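The values are calculated or read from the model by the stated rules, or taken from the named source; none is laboratory data. All values reported here derive from a predicted model rather than from experimental measurement. Here the Cβ positions follow ideal geometry from the backbone for every residue, glycine too, while neighbour counts run over all protein chains shown. SASA here: full protein model, heavy atoms, side chains in, ligands and nucleic acids out. Shrake-Rupley method; radii C 1.70, N 1.55, O 1.52, S 1.80 Å.
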Amino acid sequence: MQGEPTSPRIWKASCNGKSAKIEWISSFNGGDSQTFFALGLIGQHEVTRSEAIKDRGENKIHHTELQNLQPSTKYVFYVVAKNRHGNSSSNQMECTTLAGIIGKYY
């Protein structure tokens, strides 16, 4: 029987000044091919989303990097697994981007 995929598990989110690397472990695909995308939120508002990422197989580590983030900002990240039967969301992971460089060095 086919159904929506089992929720992926984020195990690492690392932020720098303007980007974040998200790493997760895939779960059962629901018996159908699945893709993933990562979401970055500030509060309850989605502010960034990755391109679709192909599944490399069950219990494999996947990763993506979300770009153009604001410095010194706390983000909440999720990974969504999607197939033709539906989708499921991972646990959330938070990190705060590093402060930007202000001013000039002489």
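A few points about this structure:
- Members of region 60-78 that are open to solvent by less than 50 Å² (accessible area, probe 1.4 Å) and either charged (D, E, K, R) or touching an Asp or Glu at 6+ places or on another chain (Cβ under 9 Å) (or both): His62, Thr64, Tyr75, Val76, Phe77
- Going through (1) surrounded by 13 or more Cβ atoms within 10 Å (Cβ to Cβ); (2) touching a His at 6+ places or on another chain (Cβ under 9 Å) one by one, Arg56 falls short only on (1).
- Members of region 1-12 found to be loosely packed, with under 15 Cβ neighbours inside 10 Å and assigned to a loop (DSSP other than H, G, I, E, B), listed by number: Met1, Gln2, Gly3
- Qualifying positions in region 13-48 - in a strand (DSSP E or B) and exposed (fewer than 14 other Cβ atoms within 10 Å of the Cβ): Ser14, His45, Glu46
- Residue match in region 45-52 (condition: free of Cβ contacts under 8 Å to residues at least 12 places away in the same chain, touching a strand residue (DSSP E or B) at 6+ places or on another chain (Cβ under 8 Å) and under 14 Å from Ser89 (Cβ atoms)): yes
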